[in-house]
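The values are calculated or read from the model by the stated rules, or taken from the named source; none is laboratory data. As the structure is a computational prediction, the values presented were derived from the model and not from experiment. So basically every Cβ, Gly included, is an ideal-geometry build from the backbone, and we count neighbours across all protein chains shown.
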């Protein structure tokens, strides 16, 4: 096996986030499930955007945020995702390349606009995401650069993509390429509602081609249909090489062949917006293990990266992450 020239290649939705403050009454008036993610069409996106308060735009997308986090920590990262040839597509491509991530978008074709996620942030820092997938949902198996995937030590997949048939096939092809190249495959379960939609298939992935699964407390309990985190931990034990389970202020639990490693959370300077916390935790963990760090140290790096993200609006780092982890 040749040595990888990339640490992580991430496959996911290429999205521009629009964040604004909202209260519980606004969520209730729009029948929005607080803290969740729902898919909306272009008309719904227009209606919600018109009703929102002033917004702040940031390039986003779960796996894209993780790729940016890996690069910010000194890792070699690439991203695969589809945008349209429009203003937001140009913004997304510029931002991710400027962050040090290799990105060559598939050739644009007639169709929907670049994806956007309208994020409503309440005073308790919970984010309610309303996503118009647009062009990003049209990524398919023909858009996957086999050489790029085979060059990465770890391929990281975004669970949200499983909602779209073409994107699902792109994920399957990407996984097959990585496995054929004897590389590792990681995936985020993304959202408990996403898990509910695809529980059986996600279980098959966890017990099959995946080497690493990332999930928060709600997601892993949804996967195994239990109200007990401990029961979910026992259920995933031995099913996948590494299960990396985040629990917000309770820290994370890494279920590995040699046992269970518990890592405390890092307290943020201030709690502003939880958007991207899981994405950046995954970035820190992946950057850690691809640079030869122990599982516990990789978890600590993830905790530091997540704490930085939730201390400000947006899911891309604002502080120097390499400086923040210097003591680990």
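Comparison of 304, 263, 272 shows that the only residue that is more than 15 Å from residue 69 (Cα to Cα) and surrounded by 16 or more Cβ atoms within 10 Å (Cβ to Cβ) is 263. Residue 43 meets all of the listed conditions (1) at negative phi; (2) in contact (Cβ under 8 Å) with a residue 40 or more places away in the chain but one, namely (2). The numbered conditions (1) part of a helix (DSSP H, G or I); (2) closer than 25 Å to residue 4 by Cβ are all true for residue 194 except (2). Taking only pairs six or more apart or across chains, which ones have beta-carbon atoms under 8 Å, a first residue in segment 124-141 that is on the phi > 0 side of the Ramachandran plot and modelled with pLDDT of 90 or more, and a second residue that is assigned to a helix (DSSP H, G or I) and surrounded by fewer than 19 Cβ atoms within 10 Å (Cβ to Cβ)? Qualifying pairs under 8 Å: 134/42. Would you check if residue 286 is modelled with pLDDT of 95 or more, touching a strand residue (DSSP E or B) at 6+ places or on another chain (Cβ under 6 Å) and surrounded by fewer than 22 Cβ atoms within 10 Å (Cβ to Cβ)? Here the answer is no, as residue 286 does not meet what is asked. Do we find that residue 155 is in contact with a strand residue (DSSP E or B) (Cβ under 9 Å, 6 or more places away or on another chain), at pLDDT 95 or above and not in a helix (DSSP H, G or I) in this structure? It is true that residue 155 is in contact with a strand residue (DSSP E or B) (Cβ under 9 Å, 6 or more places away or on another chain), at pLDDT 95 or above and not in a helix (DSSP H, G or I). Right, residue 218: more than 22 Å from residue 263 (Cα to Cα), in contact (Cβ under 8 Å) with a residue 24 or more places away in the chain and outside any strand (DSSP E or B) or not? Criteria not met by residue 218. Please go through (1) modelled with pLDDT under 95; (2) crowded, with 21+ Cβ neighbours inside 10 Å; (3) more than 22 Å from residue 30 (Cβ to Cβ); (4) touching a strand residue (DSSP E or B) at 6+ places or on another chain (Cβ under 8 Å) for residue 119 and return the number of the only condition it doesn't satisfy. Evaluating residue 119 over (1) modelled with pLDDT under 95; (2) crowded, with 21+ Cβ neighbours inside 10 Å; (3) more than 22 Å from residue 30 (Cβ to Cβ); (4) touching a strand residue (DSSP E or B) at 6+ places or on another chain (Cβ under 8 Å) leaves (3) as the failure.
Screening residue 82 on (1) in contact with a helix residue (DSSP H, G or I) (Cβ under 8 Å, 6 or more places away or on another chain); (2) within 18 Å of residue 280 (Cβ to Cβ); (3) assigned to a loop (DSSP other than H, G, I, E, B); (4) in contact (Cβ under 8 Å) with a residue 60 or more places away in the chain shows it passes everything except condition (2). Screening segment 225-328 for helices (runs of 4 or more DSSP H) wholly inside it with 3 or more residues that are touching a residue at least 40 places away in the same chain (Cβ under 8 Å) returns the ranges 277-290, 295-309. If the condition is being touching a helix residue (DSSP H, G or I) at 6+ places or on another chain (Cβ under 9 Å), free of Cβ contacts under 8 Å to residues at least 40 places away in the same chain and assigned to a helix (DSSP H, G or I), then segment 4-39 contributes only 29.
Screening residue 178 with (1) at pLDDT below 95; (2) closer than 30 Å to residue 146 by Cβ gives one miss only, at (1).
The single condition among (1) in contact with a strand residue (DSSP E or B) (Cβ under 9 Å, 6 or more places away or on another chain); (2) not in a helix (DSSP H, G or I) that residue 68 does not meet is (2).
Residue 160 - would you say it is in contact with a strand residue (DSSP E or B) (Cβ under 6 Å, 6 or more places away or on another chain) and either surrounded by 22 or more Cβ atoms within 10 Å (Cβ to Cβ) or modelled with pLDDT of 95 or more (or both)? Taking the combined requirement at face value, the residue does not satisfy it. If you go through segment 121-133 and keep only what is assigned to a strand (DSSP E or B) and closer than 17 Å to residue 312 by Cβ, you end up with 121, 127. Only residues that are touching a helix residue (DSSP H, G or I) at 6+ places or on another chain (Cβ under 7 Å) and part of a helix (DSSP H, G or I) were counted across segment 137-152, and they come to 7. Answer with yes or no whether residue 48 is modelled with pLDDT under 95, over 30 Å from residue 291 (Cα atoms) and part of a helix (DSSP H, G or I). Spelling it out, residue 48 is indeed modelled with pLDDT under 95, over 30 Å from residue 291 (Cα atoms) and part of a helix (DSSP H, G or I).
Taking the stated definitions as given, is residue 30 touching a strand residue (DSSP E or B) at 6+ places or on another chain (Cβ under 9 Å), surrounded by fewer than 23 Cβ atoms within 10 Å (Cβ to Cβ), at pLDDT 95 or above and on the phi < 0 side of the Ramachandran plot? Walk me through it before giving the result.
Numbers: touching a strand residue (DSSP E or B) at 6+ places or on another chain (Cβ under 9 Å): yes; surrounded by fewer than 23 Cβ atoms within 10 Å (Cβ to Cβ): yes; at pLDDT 95 or above: no; on the phi < 0 side of the Ramachandran plot: yes.
Judged against the criteria, residue 30 is not a match.
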